[in-house]
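Remarks on the structure that follows.
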Amino acid sequence: MIIVKIGGGKSINVQGIARDLAGIGEQAVVVHGANAVRDDLAATLGRVPRVVTSASGVASVFSDQAAIDLLLMAYAGARNKRIVEAMQQAGVDAVGLCGLDGRVVQGRRNRGIRVEAGGRTCILHDLSGKPQSANVALLRALLALGHTPVLTVPIADETGAAINAENDDIVAVLARDLEADTVVQLIEAPGMLRDPADPASVLASLGLEEVARWEAAAGGRFKRKLMALRRLLEGRAPRIVIADGRAEHPLGDALAGIGTEVLPSALARAGGEHG
Amino acid sequence: MIIVKIGGGKSINVQGIARDLAGIGEQAVVVHGANAVRDDLAATLGRVPRVVTSASGVASVFSDQAAIDLLLMAYAGARNKRIVEAMQQAGVDAVGLCGLDGRVVQGRRNRGIRVEAGGRTCILHDLSGKPQSANVALLRALLALGHTPVLTVPIADETGAAINAENDDIVAVLARDLEADTVVQLIEAPGMLRDPADPASVLASLGLEEVARWEAAAGGRFKRKLMALRRLLEGRAPRIVIADGRAEHPLGDALAGIGTEVLPSALARAGGEHG
Amino acid sequence: MSPLHSTCPICDATVELPGDVSASQVVRCGDCGADLEVQALDPPVLVEAPAEEEDWGE
Amino acid sequence: MSPLHSTCPICDATVELPGDVSASQVVRCGDCGADLEVQALDPPVLVEAPAEEEDWGE
């Protein structure tokens, strides 16, 4: 069982990923982002995402119903179904779902954050939360029929309402609940870069300790992604490869080890860079 | 097995339909439109739907990729998932799909229409077509797990590409392939009206012959809907009720016979109007 | 420029195309009278033109 | 207007609310020191304020 995370950037080669999936002959579940589609749509609709900074300085996008509507149109609508279309055309029998559908990703709404407003501390509640579990029965039934589930946000909160969540957290929950052997994260870079500005500085491998160190030093969305990666590693760590989603054969290359292999412990090879 | 068609108008009482569905204790498949959501989105995005008139005078919306994108955002995204959300919150374990997903609605692309352009007749091809069959295995698997499938456009063409189609044609194919006993069409009117301007002129029942007569006299989209209704009747006609989707209990009322009962043959009661 | 020719997919007759023919244009086969669609121009490819569908589109 | 009062959900002590208190404001219980969120105002309802979540939001 492979979990393939498709990044939401414009230059991701979805057709290439679809062709690779058709060839691997192993059960797969796909999770995808759609930030590029959402940002374009938000700009066209003149909607500026509202970012709030908590009392302790953490910046996050505030998810109100308008932001959820954008998720439904960009993630669950446009991007999800265009990925399903590309897969169907490549011979992969994809079924697109967001977390609400059959509560395939059940989450818990965030309890609110503390913000300073008008000289007082207040609790701000929004429509975001953390994935807790996957509907394994539904996913197994789809897989048994030969389908490839293609999942994205929003997920369901305790009452069945649509809430935003971090796609990487969804990958971690799926990897755990489906006991995935391999997780492939396809991004708009050749792998994890020692120097983000230098595409040649791809790390051949990365250990849990390094991920934790990076996470401590990082900020904003990158910190969130490293946190989700750490969670993935701390669980029943599957093989994790971070590879270039823009390549001719993104998934094929990743499974052949082209990219950064993230290893649960000090097993990481000397953390050397690719030749 | 009931098929519930939810109209795409703004005043449809989705929450009421969801509550009713939770209470009927029978397997159901939902099909829905989203023309109000799409038209609002198109207006905000400044996209005017392109209408083409065929050489023989039939006007149709021209579905290019931009129109399909709108379908994905408005039908498969916003409307589909808000209906799933309302159902999940009412205790109905809905799973939202468009026809592409698992090719749950497989269609055949239209071969093109003849239009007059620059003094010559040309064939115009677009991304629209006719539903041919439903993926019964997928639908039965979902129903067996206790899910309520919630379906909408686009559907899949022969190559797996997304194409537009008439939701009422999808209802007819589903009714045939799932051998539905009952089809309920929930619209923004108390039923079929003898005089569209007079909400009190609800027809208690309507026979196949009358539908055919209405169809011959009607034009545009209403003609298309009557054509789909005729097809439904000509097949293994289930019980068909057209009722008010704006009521407090739209589905409950419909199943209680409040609305227009469409009968396969001259069985139609004297076509009398409701008291 | 010598007039464009192609073959009728229905009866194999040679079909002469108008000088200003455009892709997707409908032309008639002089032999069997079938309506043909110019699917491509370079080289010209003819296919049978679809019959008018009573319920085209959405 | 006599000062608003409510009950601490943690230790049941009476909590006096500031005159200009607003919904969603955080107030502290004078007895047990817990941070409380003003969930409603009319009548005032207090709930335990959520702890800062390290990875709030998306």
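None of the figures in this text is laboratory data; all of them are computed from the coordinates on show. No experiment lies behind these values; they were computed from the predicted model shown. Quick reminder, even Gly has a Cβ in these numbers, built from the backbone with ideal geometry, and neighbours come from all protein chains shown.
For the listed residue pairs A:Lys130/B:Lys130; A:Lys81/A:Lys130; B:Lys10/B:Lys130; B:Lys81/B:Lys225; A:Lys10/B:Lys223; A:Lys130/B:Lys5, the alpha carbons are over 30 angstrom apart in A:Lys130/B:Lys130; A:Lys10/B:Lys223; A:Lys130/B:Lys5. Taking Cβ atoms as reference points and 15 Å as the exclusive limit, the residues near B:Ala141 contribute a net charge of -2, counting Lys and Arg as +1 and Asp and Glu as -1. Using equal-weight Cα scatterers in the Debye expression, the normalised intensity of segment B:29-69 in log10 at q = 0.27, 0.34 Å⁻¹ is -0.98, -1.15.
Overall, chain B carries a charge dipole of about 700 debye about its Cα centre when +1 sits on the Cβ of Lys and Arg and -1 on the Cβ of Asp and Glu, all other atoms neutral. Under the simplified labelling scheme, the C:Asp20-D:Cys32 pair shows an inter-label distance of 8.8 nm, with each label point 7 Å from Cα along Cα→Cβ. Taking the label point 7 Å along Cα→Cβ, A:Glu26 and its counterparts in the other copies are spaced 4.7 nm apart, in ascending order. For D:Pro18, the shell of other residues with beta-carbons less than 15 Å away shows a net charge of -2, using +1 for Lys and Arg and -1 for Asp and Glu.
Run the helix sum for chain A: -39,500 (n - 2.57) per DSSP H stretch of 4+ residues, divided by residue count, reported at 222 nm to the nearest 500 deg cm²/dmol. Don't skip to the answer; put the middle values down first.
On the way: 9 runs with 89 residues, N = 275.
After summing the helix terms and dividing by the residues of chain A, the value is -9500 deg cm²/dmol.
Is the protein assembly as shown best put as rounded, prolate or oblate by its Cα gyration tensor, with a ≥ b ≥ c the root eigenvalues, rounded for a/c under 1.5, and otherwise prolate when a/b is larger than b/c, oblate when not?
Numbers: a/c = 2.23, a/b = 1.33, b/c = 1.68.
Judged from the Cα gyration tensor, the protein assembly as shown comes out oblate (a/c at least 1.5, b/c at or above a/b).
So if R0 is 41 Å, what FRET efficiency would A:Glu188 and B:Ala218 give, r being the distance between their Cβ atoms, rounded to the nearest 0.05? Efficiency, rounded to the nearest 0.05: 0.20.
For GluC sites (Glu not before Pro), the sites in segment A:151-194 that DSSP calls loop and that have at most 15 other Cβ atoms within 10 Å are A:Glu158, A:Glu179, A:Glu188. The other copies place their B:Val51 label points at 4.5 nm from this one, listed shortest first, where each point is 7 Å from Cα along Cα→Cβ. When B:Val136, B:Val30, B:Val211 are sorted by how many other C-beta atoms sit within 10 angstrom of their C-beta, beginning with the fewest, the order is B:Val136, B:Val211, B:Val30. For the options B:Ile163, B:Ile17, B:Ile113, a Gaussian network treatment of chain B with springs between C-alpha atoms closer than 10 Å singles out B:Ile113 as fluctuating the most. Remind me, relative contact order of chain B in percent, using alpha carbon pairs under 8 angstrom and six or more residues apart? This gives 22 percent for chain B. Note on chain A: with a GNM built from Cα contacts shorter than 10 Å, the maximum mean-square fluctuation among A:Ala197, A:Ala78, A:Ala247 falls on A:Ala197.
Averaged over the residues of peptide A:111-117, the number of Cβ atoms from other protein chains lying within 10 Å of each residue's Cβ is 5. Taking label positions 7 Å along the Cα-Cβ direction at both B:Ala237 and B:Gln15, the computed distance is 3.8 nm, reported to one decimal.
In the elastic network of chain B, a GNM with C-alpha springs shorter than 10 Å, the most mobile of B:Pro250, B:Pro238, B:Pro154 is B:Pro238. Annotation for B:Ala216, label-to-label distances across the other copies: 8.5 nm (shortest first, one decimal, point 7 Å from Cα along Cα→Cβ).
Relative contact order of segment A:89-153, taken over Cα pairs closer than 8 Å and 6 or more residues apart, is 44 percent. Considering the rotation that superimposes chain B on chain A, the residue of B whose beta-carbon lies nearest the axis, and that distance in Å, is B:Gly77, 1.
Between the residues A:Val136, A:Leu124, A:Gly235, the greatest Cα displacement towards the positive end of the dipole of chain A, with unit charges on the Cβ of Lys, Arg, Asp and Glu, is found for A:Leu124.
Approximating the spin labels as points 7 Å out from Cα along Cα→Cβ, the A:Glu26-to-D:Ala40 distance works out to 5.3 nm.
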